[in-house]
């Protein structure tokens, strides 16, 4: 079923300040203002067919205040779809032909201005977290004009971060890459003058691994990493390609919002940021190795200190976020090992492009540290390319880690695994 | 079932030690303590056996026992493949 798109309600909000910013989608140059103007059901769960439809839904929300959950069909399975219909959403596919709605099981009144995010589901089924454009807009100070790459899946927290920036600030343009363009994004970005890009460490590693020369041709002045633990190796590798760029990493999630922003090019954040209370700013604490955040940017219904489920370790005055609490800690015969710390050591090997560290069942010790790596491409012209074997990588780790933390089995993969969220589940 | 012989397990054990610049003596009675083969090495060897055979070993099956010599390690892993 298709709904006519000609009539739409009067704007509920002032026009977004960034409405004339440039958008490049699938190679076509648009602006927020030139996007189509379909009438969205209210409340709507919009499954965007492609990037332009996701941007269209976001713009319609900004203008009309439509209660909106935005996602893609691939992130909403049958169970989630039923949950949304039960929760009163009109689940609607948005494509070039307009809106294709499925009526809710129990219709209800919309909550104006409400935006819903689905958590990435890295710890079980995705959950709905309530926000508004305001709580998602965490960059408010005037920014230098930038053209941002948006590689994220529509409707994720990271996607909304880039999108709200462009919607609310004049001079913040967007170049959106679709999933099928992802491997070739540097050429798209170079062609459209992208000078700022935000991605997961996995996204950056894959880019460096596939074609570092193509990446170097993108005139980047701002590089942002987030969504996964950020280790020193990836920061250093990016610094080498972009000596003059500002390289930042951000800790953010649907639940606590953007809580930590670090610009000094180092992994982790200074330990003296812990337990520091500043009005209007998140307070960061550690309880039992877990990062706890009290933030003004919490999702709706969340208040006070939120346990993030992320494990931290203080090393040399820096608080490192090493991974998810339930998967980062490996107990080797009673000694605790942080998978994230071991991953950082492996990723620091000059020939390693990517690493995943896990615990594997073993006799006597219960668990043992093992790893998978992807090796950096070698120069075919060089005869002695120095490709390390398993034993060499084990020795590299043994020189830098306590004995029980050294991965004893290291498998070499041929490509960096990545999911739609641009994460590797490392 | 894909099973490793005692000699094949011995080769893997030698590899574990060689990666640490240690040598595996020919004598099965050699004491693990003396050659520096410890619980981490034992665990690594078990994982190598699993990786070679493509089958998981049932580490819980046999009761605790004293493993003090090279021969003890080989006997134990040969036996574990039958559990």
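The values are calculated or read from the model by the stated rules, or taken from the named source; none is laboratory data. From a predicted model like this one, the values you see are computed outputs, not experimental measurements. Reconstructed Cβ throughout: ideal geometry from the backbone, glycine too, with neighbour counts over all protein chains shown.
Across the range A:19-49, the number of residues qualifying as over 21 Å from residue A:165 (Cβ atoms), out of contact with any strand residue (DSSP E or B) (no Cβ under 6 Å at 6 or more places or on another chain) and buried (at least 18 other Cβ atoms within 10 Å of the Cβ) comes to 4. Evaluation of residue A:394 against the conditions (1) crowded, with 18+ Cβ neighbours inside 10 Å; (2) more than 14 Å from chain B (Cβ to nearest Cβ) shows that the sole unmet condition is (2).
On the stretch given as the range A:182-210, residues that are assigned to a helix (DSSP H, G or I) and surrounded by 16 or more Cβ atoms within 10 Å (Cβ to Cβ) total 16. Against the condition within 18 Å of residue A:368 (Cα to Cα), touching a helix residue (DSSP H, G or I) at 6+ places or on another chain (Cβ under 6 Å) and surrounded by 14 or more Cβ atoms within 10 Å (Cβ to Cβ), how does residue B:40 come out, does it pass? So residue B:40 does not fit the description; no.
Going residue by residue through the range A:371-384, is there one that turns out to be within 12 Å of chain B (Cβ to nearest Cβ), touching a residue at least 60 places away in the same chain (Cβ under 8 Å) and assigned to a loop (DSSP other than H, G, I, E, B)? No; the residues of the range A:371-384 include none that is within 12 Å of chain B (Cβ to nearest Cβ), touching a residue at least 60 places away in the same chain (Cβ under 8 Å) and assigned to a loop (DSSP other than H, G, I, E, B).
To keep it simple, each residue is scored yes or no on (1) buried (at least 16 other Cβ atoms within 10 Å of the Cβ); (2) part of a loop (DSSP other than H, G, I, E, B); (3) at pLDDT below 95.
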residue	(1), (2), (3)
A:239	no, no, no
A:243	no, yes, no
A:247	yes, no, no
A:251	yes, no, yes
A:260	yes, no, yes
A:276	no, yes, yes
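Would you check if residue A:281 is crowded, with 19+ Cβ neighbours inside 10 Å and either assigned to a loop (DSSP other than H, G, I, E, B) or out of contact with any helix residue (DSSP H, G or I) (no Cβ under 6 Å at 6 or more places or on another chain) (or both)? Here the answer is no, as residue A:281 does not meet what is asked. Of the helices (runs of 4 or more DSSP H) lying entirely inside the range B:1-78, the ones with 3 or more residues being within 13 Å of chain A (Cβ to nearest Cβ) and modelled with pLDDT under 95 are found at B:6-18, B:39-53. The range A:311-369 holds strands (runs of 3 or more DSSP E) entirely within its bounds, and those carrying 1 or more residues that are away from chain B (no Cβ under 14 Å) and within 16 Å of residue A:410 (Cα to Cα) map to A:352-362. When the range A:139-168 is filtered for residues that are assigned to a loop (DSSP other than H, G, I, E, B) and either closer than 22 Å to residue A:60 by Cβ or touching a helix residue (DSSP H, G or I) at 6+ places or on another chain (Cβ under 7 Å) (or both), the ones remaining, listed by number, are A:139, A:151, A:152, A:153, A:154, A:155, A:156. Determine, yes or no, whether residue A:299 is touching a strand residue (DSSP E or B) at 6+ places or on another chain (Cβ under 7 Å), away from chain B (no Cβ under 14 Å) and either modelled with pLDDT of 85 or more or not in a strand (DSSP E or B) (or both). It is true that residue A:299 is touching a strand residue (DSSP E or B) at 6+ places or on another chain (Cβ under 7 Å), away from chain B (no Cβ under 14 Å) and either modelled with pLDDT of 85 or more or not in a strand (DSSP E or B) (or both). In the set (1) at pLDDT 90 or above; (2) within 18 Å of residue A:45 (Cα to Cα), the condition left unmet by residue A:153 is number (1).
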